[in-house]
Amino acid sequence: MFPFQLLNIFLVASKVQEEDSKYDPSLYKRGDLLEVPRTLFTHFGIYLGDNRVAHLIPDILPVISRNKSAIAKMVTNSRLILGVIAKAASVRVDSLVDFAYGSEILVNHMDTVCRQPPLDGDEVARRAEKLLGSITYSLLWYNCEHYVMYCRYGMAISYQTYRFCTAVRKTVCSRISAYLTALFGVGAMLFLGSATPLTILPTLLVPFTIWMAA
Ligand SMILES: *[C@@H]1O[C@H](CO)[C@@H](O)[C@H](O)[C@H]1NC(C)=O
């Protein structure tokens, strides 16, 4: 049996953050695309107005808990990483502070990289709002980047995104591979202890990669 209760306590004990002037809502317009570095990849969100950001984020907590107030709290890194592994995610609304998780926010940076002009700000935000809720998250095929690309540029996911934003795509993909490598390394250390990782590594790496890519 998995110790859900203990895990819950661990996941909810979140990093305390102060309100910060760099997250002043007057700096952003409805429909703006916000970017923040999050663990090893870039995280994206759409600003809805009134200090609310819609974003797609991996999160394990809705899978193991029904406590709505605990789920509504900011998604900690441990919740995020376990969410990636379990392929559970939701499109949720958070305040600027919770969304940024202590990092600087970049605004509409994609507009300079993509050839496709953005949709009208209100339309962008309406699209973002329509998709709120739980979804199955697959790191490679439906991630937070696809979500904001659909909302802001109205593009069909996948090939078009790839064509228009090759540069961005490359960064995201190489960061994802770095992330997977790091994640796997930690997993190997935790689960194998002092066993000989070099012999066991390939045996675990192949199924893990297939699971993550599916
Ligand atoms: C739900 O979570 C909140 C905040 O994390 C906590 O204070 C409360 O006791 C929890 N309720 C239940 C029923 O576990």
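Out of residues 5 or more away from Arg38 or on other chains, whose amide H comes under 5 Å of its own, with H placed 1.01 Å from N in the peptide plane?
Amide H neighbours of Arg38: His43.
Quote the FRET efficiency, to the nearest 0.05, computed for Lys73 versus Asp24 with a Förster distance R0 of 30 Å and r equal to the Cβ-Cβ distance.
So, using R0 = 30 Å, E works out to roughly 0.85.
Place the peptides 110-116, 59-65 in order of packing, highest mean first, counting for every residue the other Cβ atoms within 10 Å and averaging per peptide.
Answer by packing, highest mean first, reads 59-65, 110-116.
Got a sec to turn the phi values of segment 47-59 into Karplus ³J(HN,Hα) couplings, 6.51 cos²θ - 1.76 cosθ + 1.60 with θ = phi - 60°, whole Hz, x for Gly and Pro?
6, 9, x, 6, 6, 10, 10, 8, 8, 9, 9, x, 7
Per 5 Å bin, what percent of the C-alpha pairs of segment 85-127 does each bin hold, from zero upward?
The percentages, shortest bin first, are 5, 15, 14, 22, 23, 17, 4, 0.
Fully extended, how many nm does the chain gain between Lys130 and Val63 (0.36 nm per residue separation, minus their Cα-Cα distance)?
21.9 nm is the gain from fully extending Lys130 to Val63.
Every number here is computed from the coordinates shown, using simple stated rules; none is lab data. Computed from a predicted model, the values in this text were never measured in an experiment. Every residue, glycine as well, gets a Cβ built from its backbone with ideal geometry; the counts of neighbours run over all protein chains shown.
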